[in-house]
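Below: one structure, written as C-alpha coordinates.
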Amino acid sequence: MHISDRTSSLEESFLNKWDSTVKYKILAGEDIIQFNLGQPGFACPDFVVKIIEEVNKRGKNNFYNHTAGTDGARQAAALFQKNMFGVEYDKDEIIITNGAKEALFLAFSAILNRGDEAVVIAPCWPSYIQQIKLAGAEPVIVDADEKFHLDIDAIKDAITQRTKVLVINNPNNPTGAVYEEEELLQISKLAADNDLIVISDEVYGTTVFDSKEHISIASLSGMKERSVVVDGFSKTLSMAGYRLGYAAASKEIISAMVKIKSNINGNTNSFFQTVIEKAVLEHFIELKTFVEFAGKEYEARRDFVCKKLLEMGIEFEKPEGTFYVFAKIPENYKGSSGEFAQYLLENAKVAVAPGKFFGDKYDRYFRISFGANMEEVEEGIGRVEKTIKSAI
Ligand code: PLP
(Lines give C-alpha, C1' and ligand atoms only; values in the text may rest on other atoms or scores of the structure.)
Protein backbone atom coordinates (compact mmCIF):
# COMPACT_ATOMS: atom_id res chain seq x y z
CA MET A 1 0.00 0.00 0.00
CA HIS A 2 2.74 2.45 0.95
CA ILE A 3 5.26 1.13 -1.56
CA SER A 4 5.61 2.72 -4.99
CA ASP A 5 4.45 0.75 -8.06
CA ARG A 6 7.99 1.03 -9.39
CA THR A 7 9.39 -0.74 -6.33
CA SER A 8 6.57 -3.25 -6.05
CA SER A 9 7.36 -4.58 -9.49
CA LEU A 10 11.09 -4.75 -8.70
CA GLU A 11 12.87 -7.97 -7.65
CA GLU A 12 15.46 -7.93 -4.90
CA SER A 13 18.77 -9.09 -6.42
CA PHE A 14 18.30 -12.88 -6.64
CA LEU A 15 22.00 -13.43 -6.11
CA ASN A 16 22.23 -11.17 -3.03
CA LYS A 17 19.11 -12.69 -1.49
CA TRP A 18 20.31 -16.26 -2.06
CA ASP A 19 23.74 -15.35 -0.67
CA SER A 20 22.09 -14.04 2.52
CA THR A 21 20.24 -17.35 2.93
CA VAL A 22 23.53 -19.23 2.53
CA LYS A 23 25.44 -16.89 4.86
CA TYR A 24 22.85 -17.28 7.65
CA LYS A 25 23.26 -21.06 7.43
CA ILE A 26 27.03 -20.65 7.73
CA LEU A 27 26.53 -18.29 10.69
CA ALA A 28 24.36 -20.96 12.29
CA GLY A 29 27.34 -23.32 12.11
CA GLU A 30 26.73 -25.26 8.88
CA ASP A 31 29.85 -26.24 6.94
CA ILE A 32 28.89 -24.93 3.49
CA ILE A 33 31.16 -24.37 0.48
CA GLN A 34 30.14 -21.26 -1.39
CA PHE A 35 30.12 -21.74 -5.16
CA ASN A 36 27.31 -19.19 -5.39
CA LEU A 37 29.50 -16.13 -4.94
CA GLY A 38 30.64 -13.68 -7.58
CA GLN A 39 33.78 -12.84 -5.71
CA PRO A 40 37.37 -13.99 -5.73
CA GLY A 41 38.48 -16.07 -2.76
CA PHE A 42 41.96 -14.51 -2.75
CA ALA A 43 43.01 -12.29 0.09
CA CYS A 44 43.48 -8.70 -1.03
CA PRO A 45 47.04 -8.63 -2.51
CA ASP A 46 49.85 -7.79 -0.05
CA PHE A 47 50.89 -4.62 -1.87
CA VAL A 48 47.31 -3.30 -1.55
CA VAL A 49 47.20 -4.21 2.15
CA LYS A 50 50.43 -2.19 2.64
CA ILE A 51 48.93 0.78 0.82
CA ILE A 52 45.82 0.53 3.03
CA GLU A 53 48.05 0.69 6.12
CA GLU A 54 49.97 3.71 4.76
CA VAL A 55 46.79 5.56 3.80
CA ASN A 56 45.32 4.82 7.21
CA LYS A 57 48.41 6.22 8.98
CA ARG A 58 48.33 9.35 6.86
CA GLY A 59 44.68 10.05 7.73
CA LYS A 60 42.77 12.95 6.12
CA ASN A 61 40.30 10.68 4.36
CA ASN A 62 37.38 11.59 6.58
CA PHE A 63 36.05 14.43 4.45
CA TYR A 64 33.54 14.71 1.63
CA ASN A 65 35.06 14.62 -1.80
CA HIS A 66 34.24 15.24 -5.49
CA THR A 67 31.16 13.31 -6.64
CA ALA A 68 32.89 12.21 -9.85
CA GLY A 69 35.81 10.84 -7.85
CA THR A 70 39.16 12.26 -6.82
CA ASP A 71 41.47 13.32 -9.64
CA GLY A 72 43.91 10.62 -8.53
CA ALA A 73 41.35 7.80 -8.64
CA ARG A 74 40.01 8.96 -12.02
CA GLN A 75 43.54 9.09 -13.40
CA ALA A 76 44.14 5.62 -11.97
CA ALA A 77 41.05 4.21 -13.72
CA ALA A 78 42.15 5.91 -16.97
CA LEU A 79 45.68 4.49 -16.70
CA PHE A 80 44.30 1.03 -15.93
CA GLN A 81 42.16 1.12 -19.10
CA LYS A 82 45.08 2.36 -21.18
CA ASN A 83 47.65 -0.13 -19.90
CA MET A 84 45.35 -3.14 -19.81
CA PHE A 85 43.09 -2.63 -22.82
CA GLY A 86 44.70 0.15 -24.87
CA VAL A 87 41.84 2.66 -24.58
CA GLU A 88 42.78 6.23 -23.64
CA TYR A 89 40.42 8.26 -21.46
CA ASP A 90 40.67 11.74 -20.08
CA LYS A 91 39.92 11.89 -16.36
CA ASP A 92 36.71 13.80 -17.16
CA GLU A 93 35.53 10.73 -19.02
CA ILE A 94 35.59 8.69 -15.79
CA ILE A 95 33.27 8.52 -12.78
CA ILE A 96 34.32 6.57 -9.66
CA THR A 97 31.40 4.69 -8.16
CA ASN A 98 30.33 2.51 -5.28
CA GLY A 99 31.16 -0.68 -7.16
CA ALA A 100 30.46 -1.41 -10.81
CA LYS A 101 26.86 -1.99 -9.75
CA GLU A 102 26.35 1.71 -9.03
CA ALA A 103 28.07 2.66 -12.30
CA LEU A 104 25.56 0.52 -14.19
CA PHE A 105 22.60 2.01 -12.37
CA LEU A 106 23.82 5.55 -13.02
CA ALA A 107 24.42 4.76 -16.69
CA PHE A 108 20.93 3.34 -17.25
CA SER A 109 19.36 6.24 -15.34
CA ALA A 110 21.37 8.85 -17.22
CA ILE A 111 20.63 7.47 -20.69
CA LEU A 112 17.20 5.84 -20.71
CA ASN A 113 13.87 7.64 -20.95
CA ARG A 114 10.55 6.17 -19.84
CA GLY A 115 9.39 3.84 -22.62
CA ASP A 116 12.85 3.33 -24.15
CA GLU A 117 14.04 -0.20 -24.77
CA ALA A 118 17.36 -1.69 -23.76
CA VAL A 119 18.46 -4.94 -25.39
CA VAL A 120 20.07 -7.39 -22.96
CA ILE A 121 21.74 -10.67 -23.91
CA ALA A 122 20.65 -13.68 -21.84
CA PRO A 123 21.67 -15.55 -19.84
CA CYS A 124 22.68 -12.41 -17.96
CA TRP A 125 23.64 -10.99 -14.60
CA PRO A 126 20.16 -10.30 -13.17
CA SER A 127 20.62 -6.73 -11.97
CA TYR A 128 20.65 -5.33 -15.54
CA ILE A 129 16.96 -6.16 -15.88
CA GLN A 130 15.96 -4.61 -12.57
CA GLN A 131 18.09 -1.49 -13.08
CA ILE A 132 16.62 -0.90 -16.55
CA LYS A 133 13.11 -1.22 -15.08
CA LEU A 134 14.06 1.18 -12.27
CA ALA A 135 15.09 3.68 -14.93
CA GLY A 136 11.52 3.40 -16.31
CA ALA A 137 12.63 1.62 -19.49
CA GLU A 138 11.94 -1.83 -20.87
CA PRO A 139 14.48 -4.65 -21.00
CA VAL A 140 14.26 -6.66 -24.23
CA ILE A 141 15.84 -10.07 -23.77
CA VAL A 142 17.75 -11.70 -26.62
CA ASP A 143 19.21 -15.15 -26.07
CA ALA A 144 22.84 -15.87 -26.80
CA ASP A 145 23.62 -18.59 -29.36
CA GLU A 146 24.17 -22.23 -28.36
CA LYS A 147 27.85 -21.50 -27.51
CA PHE A 148 26.71 -18.49 -25.43
CA HIS A 149 28.20 -16.07 -27.95
CA LEU A 150 26.33 -13.19 -29.58
CA ASP A 151 23.49 -14.03 -31.96
CA ILE A 152 23.84 -10.96 -34.14
CA ASP A 153 20.76 -11.69 -36.29
CA ALA A 154 18.58 -12.09 -33.21
CA ILE A 155 19.94 -8.83 -31.76
CA LYS A 156 19.27 -7.08 -35.07
CA ASP A 157 15.69 -8.39 -35.08
CA ALA A 158 15.12 -7.13 -31.53
CA ILE A 159 16.11 -3.53 -32.32
CA THR A 160 13.13 -1.19 -32.77
CA GLN A 161 12.59 2.56 -33.03
CA ARG A 162 12.48 2.59 -29.23
CA THR A 163 15.83 0.87 -28.67
CA LYS A 164 18.36 3.20 -27.14
CA VAL A 165 20.80 0.91 -25.38
CA LEU A 166 22.44 -2.44 -25.99
CA VAL A 167 23.93 -4.15 -22.94
CA ILE A 168 26.81 -6.58 -23.29
CA ASN A 169 28.81 -8.29 -20.56
CA ASN A 170 32.21 -9.35 -21.81
CA PRO A 171 33.69 -11.62 -20.42
CA ASN A 172 30.31 -12.98 -19.50
CA ASN A 173 28.73 -13.83 -16.18
CA PRO A 174 27.32 -16.54 -15.94
CA THR A 175 28.65 -18.32 -19.05
CA GLY A 176 32.35 -17.40 -19.17
CA ALA A 177 32.06 -16.50 -22.88
CA VAL A 178 34.67 -14.03 -24.15
CA TYR A 179 33.53 -12.24 -27.30
CA GLU A 180 35.65 -12.32 -30.45
CA GLU A 181 36.67 -9.18 -32.32
CA GLU A 182 34.39 -10.13 -35.23
CA GLU A 183 31.24 -10.26 -33.10
CA LEU A 184 32.17 -7.00 -31.36
CA LEU A 185 32.67 -5.38 -34.78
CA GLN A 186 29.17 -6.48 -35.74
CA ILE A 187 27.81 -5.01 -32.51
CA SER A 188 29.63 -1.76 -33.33
CA LYS A 189 27.99 -1.69 -36.74
CA LEU A 190 24.54 -2.29 -35.24
CA ALA A 191 25.17 0.50 -32.71
CA ALA A 192 26.28 2.94 -35.40
CA ASP A 193 23.46 2.03 -37.82
CA ASN A 194 20.78 2.39 -35.14
CA ASP A 195 22.33 5.21 -33.09
CA LEU A 196 22.61 3.08 -29.94
CA ILE A 197 24.75 3.39 -26.84
CA VAL A 198 26.48 0.14 -25.85
CA ILE A 199 26.73 -0.33 -22.10
CA SER A 200 29.59 -2.79 -21.83
CA ASP A 201 30.14 -4.42 -18.46
CA GLU A 202 33.78 -5.48 -18.49
CA VAL A 203 34.33 -6.27 -14.80
CA TYR A 204 35.95 -9.61 -15.73
CA GLY A 205 38.19 -8.07 -18.41
CA THR A 206 41.40 -9.21 -16.72
CA THR A 207 40.26 -12.84 -16.42
CA VAL A 208 40.56 -14.51 -19.84
CA PHE A 209 42.03 -17.95 -20.52
CA ASP A 210 43.95 -19.91 -23.16
CA SER A 211 45.98 -16.85 -24.23
CA LYS A 212 42.79 -15.17 -25.41
CA GLU A 213 42.64 -11.40 -25.30
CA HIS A 214 39.92 -9.23 -23.81
CA ILE A 215 38.84 -6.65 -26.36
CA SER A 216 37.12 -3.62 -24.92
CA ILE A 217 34.26 -2.46 -27.14
CA ALA A 218 35.60 1.09 -26.76
CA SER A 219 38.84 0.12 -28.51
CA LEU A 220 36.99 -0.41 -31.81
CA SER A 221 36.76 2.37 -34.34
CA GLY A 222 34.03 4.92 -33.52
CA MET A 223 32.95 3.08 -30.38
CA LYS A 224 34.54 5.12 -27.60
CA GLU A 225 31.93 7.83 -28.22
CA ARG A 226 29.11 5.25 -28.31
CA SER A 227 29.91 3.19 -25.26
CA VAL A 228 29.83 3.24 -21.51
CA VAL A 229 32.48 0.84 -20.26
CA VAL A 230 31.84 -0.34 -16.72
CA ASP A 231 34.64 -1.82 -14.64
CA GLY A 232 35.90 -1.92 -11.07
CA PHE A 233 38.37 -3.48 -8.71
CA SER A 234 36.08 -5.98 -6.91
CA LYS A 235 37.19 -8.85 -9.11
CA THR A 236 40.55 -7.66 -10.44
CA LEU A 237 42.10 -6.98 -7.04
CA SER A 238 39.83 -9.09 -4.84
CA MET A 239 38.35 -5.97 -3.24
CA ALA A 240 34.61 -6.70 -3.57
CA GLY A 241 33.79 -5.49 -0.07
CA TYR A 242 35.64 -2.20 -0.57
CA ARG A 243 33.13 -1.25 -3.27
CA LEU A 244 35.26 0.52 -5.83
CA GLY A 245 34.03 0.68 -9.41
CA TYR A 246 33.93 3.15 -12.27
CA ALA A 247 32.48 3.95 -15.66
CA ALA A 248 34.27 5.39 -18.68
CA ALA A 249 32.19 7.25 -21.26
CA SER A 250 31.78 10.56 -23.05
CA LYS A 251 32.00 13.69 -20.87
CA GLU A 252 28.32 14.31 -21.57
CA ILE A 253 27.24 10.94 -20.18
CA ILE A 254 29.67 11.14 -17.25
CA SER A 255 28.31 14.61 -16.31
CA ALA A 256 24.77 13.25 -16.35
CA MET A 257 25.82 10.35 -14.12
CA VAL A 258 27.55 12.78 -11.73
CA LYS A 259 24.34 14.82 -11.51
CA ILE A 260 22.42 11.73 -10.33
CA LYS A 261 25.12 10.48 -7.98
CA SER A 262 25.52 13.90 -6.34
CA ASN A 263 21.91 13.63 -5.15
CA ILE A 264 22.12 10.04 -3.96
CA ASN A 265 25.32 9.26 -2.10
CA GLY A 266 27.80 11.97 -3.10
CA ASN A 267 31.35 10.76 -3.37
CA THR A 268 32.52 7.16 -3.33
CA ASN A 269 34.53 6.19 -0.24
CA SER A 270 37.52 8.60 -0.11
CA PHE A 271 39.79 6.14 1.67
CA PHE A 272 39.65 3.49 -1.03
CA GLN A 273 39.91 6.05 -3.80
CA THR A 274 43.30 7.00 -2.33
CA VAL A 275 44.21 3.31 -2.09
CA ILE A 276 43.40 2.63 -5.74
CA GLU A 277 45.16 5.80 -6.86
CA LYS A 278 48.38 4.53 -5.28
CA ALA A 279 47.85 0.91 -6.36
CA VAL A 280 47.54 1.83 -10.04
CA LEU A 281 49.68 4.95 -10.35
CA GLU A 282 52.58 3.84 -8.12
CA HIS A 283 52.46 0.03 -8.09
CA PHE A 284 51.33 -0.97 -11.57
CA ILE A 285 53.92 -3.73 -11.98
CA GLU A 286 52.80 -5.41 -8.74
CA LEU A 287 49.19 -5.02 -9.81
CA LYS A 288 49.88 -6.65 -13.17
CA THR A 289 51.83 -9.45 -11.50
CA PHE A 290 48.87 -10.16 -9.21
CA VAL A 291 46.41 -10.11 -12.12
CA GLU A 292 48.57 -12.59 -14.06
CA PHE A 293 48.96 -14.84 -11.03
CA ALA A 294 45.18 -14.79 -10.37
CA GLY A 295 44.45 -15.50 -14.05
CA LYS A 296 46.65 -18.61 -14.00
CA GLU A 297 45.03 -19.79 -10.77
CA TYR A 298 41.53 -19.37 -12.20
CA GLU A 299 42.55 -21.18 -15.35
CA ALA A 300 43.81 -24.16 -13.31
CA ARG A 301 40.56 -24.19 -11.32
CA ARG A 302 38.56 -23.93 -14.54
CA ASP A 303 40.41 -26.94 -15.93
CA PHE A 304 39.85 -28.94 -12.75
CA VAL A 305 36.12 -28.11 -12.53
CA CYS A 306 35.54 -28.85 -16.23
CA LYS A 307 37.36 -32.20 -15.97
CA LYS A 308 35.24 -33.22 -12.98
CA LEU A 309 31.98 -32.09 -14.60
CA LEU A 310 32.83 -34.16 -17.69
CA GLU A 311 33.48 -37.17 -15.47
CA MET A 312 30.09 -36.62 -13.86
CA GLY A 313 28.43 -36.50 -17.30
CA ILE A 314 27.34 -32.89 -16.78
CA GLU A 315 27.13 -30.76 -19.93
CA PHE A 316 28.57 -27.23 -20.18
CA GLU A 317 30.37 -24.82 -22.49
CA LYS A 318 34.00 -24.47 -21.44
CA PRO A 319 34.45 -20.97 -19.94
CA GLU A 320 36.86 -18.76 -21.92
CA GLY A 321 37.15 -16.28 -19.06
CA THR A 322 35.68 -15.22 -15.66
CA PHE A 323 35.46 -17.69 -12.78
CA TYR A 324 32.08 -19.22 -13.63
CA VAL A 325 30.83 -22.28 -15.40
CA PHE A 326 27.18 -22.45 -16.47
CA ALA A 327 26.31 -26.13 -16.48
CA LYS A 328 23.24 -28.24 -17.31
CA ILE A 329 21.37 -29.90 -14.47
CA PRO A 330 21.61 -33.70 -14.87
CA GLU A 331 18.72 -35.02 -17.02
CA ASN A 332 17.44 -37.37 -14.36
CA TYR A 333 16.93 -34.58 -11.83
CA LYS A 334 13.43 -33.40 -12.63
CA GLY A 335 13.05 -30.34 -10.36
CA SER A 336 13.65 -26.66 -11.13
CA SER A 337 17.05 -24.96 -10.86
CA GLY A 338 15.95 -23.41 -7.54
CA GLU A 339 15.07 -26.86 -6.21
CA PHE A 340 18.35 -28.29 -7.52
CA ALA A 341 20.35 -25.54 -5.76
CA GLN A 342 18.39 -26.15 -2.55
CA TYR A 343 19.00 -29.89 -2.94
CA LEU A 344 22.77 -29.39 -3.27
CA LEU A 345 22.77 -26.95 -0.36
CA GLU A 346 21.03 -29.42 1.95
CA ASN A 347 22.64 -32.65 0.79
CA ALA A 348 26.10 -31.70 -0.51
CA LYS A 349 26.46 -28.58 1.66
CA VAL A 350 27.49 -26.71 -1.47
CA ALA A 351 25.80 -23.48 -2.57
CA VAL A 352 25.48 -22.94 -6.34
CA ALA A 353 23.39 -20.30 -8.16
CA PRO A 354 20.16 -21.51 -9.87
CA GLY A 355 20.15 -20.97 -13.65
CA LYS A 356 16.78 -19.22 -13.48
CA PHE A 357 18.43 -16.22 -11.79
CA PHE A 358 20.04 -15.50 -15.17
CA GLY A 359 16.89 -15.79 -17.29
CA ASP A 360 13.58 -17.67 -17.30
CA LYS A 361 14.80 -19.98 -20.06
CA TYR A 362 17.73 -21.24 -18.02
CA ASP A 363 15.88 -23.22 -15.39
CA ARG A 364 17.76 -26.40 -16.48
CA TYR A 365 21.12 -24.82 -15.61
CA PHE A 366 23.16 -23.97 -12.54
CA ARG A 367 26.17 -21.71 -12.12
CA ILE A 368 29.29 -22.73 -10.27
CA SER A 369 31.71 -20.02 -9.21
CA PHE A 370 35.27 -21.28 -8.90
CA GLY A 371 36.48 -17.99 -7.44
CA ALA A 372 37.15 -19.68 -4.08
CA ASN A 373 40.59 -21.20 -3.34
CA MET A 374 41.66 -24.53 -4.89
CA GLU A 375 41.16 -26.60 -1.70
CA GLU A 376 37.59 -25.35 -1.44
CA VAL A 377 37.00 -25.96 -5.13
CA GLU A 378 38.28 -29.55 -4.80
CA GLU A 379 36.27 -30.20 -1.65
CA GLY A 380 33.08 -28.62 -3.07
CA ILE A 381 33.25 -30.47 -6.38
CA GLY A 382 33.95 -33.71 -4.50
CA ARG A 383 30.80 -33.17 -2.42
CA VAL A 384 28.69 -32.42 -5.51
CA GLU A 385 30.04 -35.55 -7.23
CA LYS A 386 29.22 -37.76 -4.25
CA THR A 387 25.70 -36.35 -3.91
CA ILE A 388 24.92 -36.62 -7.60
CA LYS A 389 26.28 -40.18 -7.81
CA SER A 390 24.39 -41.43 -4.81
CA ALA A 391 21.05 -39.76 -5.27
CA ILE A 392 20.31 -38.40 -8.71
N1 PLP B 1 28.71 -6.87 -13.26
C2 PLP B 1 28.81 -8.20 -13.21
C3 PLP B 1 28.68 -8.98 -14.46
C4 PLP B 1 29.03 -8.85 -11.98
O5 PLP B 1 29.15 -10.17 -11.96
C6 PLP B 1 29.13 -8.07 -10.82
C7 PLP B 1 29.32 -8.71 -9.51
O8 PLP B 1 29.20 -9.90 -9.33
C9 PLP B 1 29.04 -6.68 -10.94
C10 PLP B 1 28.81 -6.11 -12.16
C11 PLP B 1 29.13 -5.79 -9.74
O12 PLP B 1 30.45 -5.61 -9.31
P13 PLP B 1 30.83 -4.62 -8.14
O14 PLP B 1 31.25 -5.46 -6.99
O15 PLP B 1 31.98 -3.83 -8.67
O16 PLP B 1 29.65 -3.77 -7.85
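For region 76-136, what D do you get in µm² per second when you plug the Kirkwood radius from alpha-carbon pairs into Stokes-Einstein at 25 °C and 0.890 mPa s? It comes out at roughly 185 µm²/s. At a probe radius of 1.4 angstrom, the accessible area of region 253-392 per residue rounds to 44 square angstrom.
Each Cα pair of region 300-392 feeds into the Kirkwood radius, which the Stokes-Einstein equation turns, at 4 °C and 1.567 mPa s, into a diffusion coefficient of 99 µm²/s. Here region 236-377 is assigned +1 on the Cβ of each Lys and Arg and -1 on the Cβ of each Asp and Glu. Its dipole about the Cα centre then comes out at about 380 debye.
In region 110-153, Rg over Rh equals 1.03, where Rg is the alpha-carbon radius of gyration and Rh the Kirkwood radius from pairwise Cα distances. Return the whole-Å distance between the Cα centroid of region 234-310 and the Cα centroid of region 1-45. Region 234-310 and region 1-45 have Cα centres separated by 20 Å. Span-like helix check, the chain: qualifying full DSSP H segments, with Cα axial length of 27 Å or more and mean Kyte-Doolittle of -0.5 or more, are 284-312.
Binning all Cα-Cα separations of the chain at 10 Å, short to long from zero, yields these whole-percent fractions: 5, 23, 32, 27, 12, 1.
The residues of region 1-136 present an accessible area of 50 Å² per residue when probed at 1.4 Å with all protein chains retained. For region 210-344, the extents of the C-alpha atoms along the principal axes are 53, 36, 35 Å, listed from largest to smallest. About its Cα centre, the dipole of region 140-233 is roughly 380 debye, where the only charges are +1 on Lys and Arg Cβ and -1 on Asp and Glu Cβ.
Rolling a 1.4 angstrom probe over the chain with all protein chains present gives an accessible area of which 49% lies on carbon and sulfur atoms. Geometric descriptor of region 54-186, per residue, is 149 Å³ (volume of the convex hull of the Cα atoms).
Computed extension length for residue 285-residue 193: 29.1 nm, one decimal, from 0.36 nm per residue of separation with the Cα-Cα distance subtracted. Computing FRET efficiency as 1/(1 + (r/R0)^6) for residue 211 and residue 147, where r is the C-beta to C-beta distance and R0 is 25 Å, gives about 0.85. To the nearest 10, the accessible area of residue 70 is 20 Å² with a 1.4 Å probe. Looking at region 176-233, the accessible area is 35 square angstrom per residue; that uses a 1.4 Å probe and ignores ligands, DNA and RNA.
Its residue count N sets the reference 2.2 N^0.38 Å, and the alpha-carbon radius of gyration of region 3-121 equals 1.43 times that reference. Taken over region 190-277, the ratio of Cα radius of gyration to 2.2 N^0.38 Å equals 1.23. Equivalent ellipsoid of region 298-338: semi-axes from √(5λ) of the C-alpha gyration tensor, largest first, are 21, 12, 7 Å.
Compared with the rule-of-thumb size 2.2 N^0.38 Å for a compact globular protein, region 47-109 has a Cα radius of gyration ratio of 1.28. Working from Cα pairs under 8 Å separated by at least six residues, relative contact order for the chain is 23 percent. Ranking 58, 114, 383 by solvent-accessible area of protein heavy atoms (1.4 Å probe, all protein chains present), from largest to smallest, gives 114, 58, 383. Most simply put, the chain has about 45% antiparallel DSSP beta bridges, counting only bridges with both residues inside it.
For the residues 299, 146, 376, a GNM of the chain with alpha-carbon springs under 10 Å puts the largest fluctuation on 146.
The values are calculated or read from the model by the stated rules, or taken from the named source; none is laboratory data. Here the structure is a predicted model, which is why all the values come from computation and not from measurement. Positions of Cβ are generated from backbone atoms using ideal geometry, with glycine treated the same way; all protein chains shown enter the neighbour counts. What goes into the accessible areas is simple: the full protein's heavy atoms, side chains included, and nothing from ligands, DNA or RNA. Shrake-Rupley method; radii C 1.70, N 1.55, O 1.52, S 1.80 Å.
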